[in-house]
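Participant: I am attaching a structure below and will ask some questions about it afterwards.
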Amino acid sequence: MAEIKEVTQHVAGDIEKVHELVTHIKKHIGKAVKIYNSGSIKELGEIGKHLLEIDGKVHELFHHITKKEVLYNPNKDFSVKKEY
């Protein structure tokens, strides 16, 4: 009988640890929801999109300038983002 009692105590301890972890995770989720609802995450996504647009335009400008100076061919440049 001692073995069953030891096993059940061990299982009960594991369940308690899992319960504590789930409670801790719920606190993180609550904080994440507040941050998301505040618009911070949404704004960071929009900023990222705009930075990518700026990067593309800077590459375009660079290629236009280079093309005029040294007969640059953007079709042969693998660094230019191709749109299909």
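Every number here is computed from the coordinates shown, using simple stated rules; none is lab data. Everything numeric in this text was worked out from a predicted model, so none of it was measured.
Participant: Total Lys pairs in the range 1-46 closer than 19 Å by alpha-carbon, pairs eight or more apart in sequence or interchain only?
Facilitator: Pairs that pass both the separation and distance tests number 6.
Participant: Expressed in nm to one decimal, what extension gain is obtained for the pair Asp55 and Lys26 from 0.36 nm per residue of sequence separation less their Cα-Cα distance?
Facilitator: Stretched fully, the Asp55-Lys26 segment lengthens by 6.6 nm.
Participant: Can you tell me the length gained on complete extension of the stretch Val18 to Lys5, counting 0.36 nm per residue apart and subtracting the Cα distance?
Facilitator: Gain on extension, Val18 to Lys5, equals 2.7 nm.
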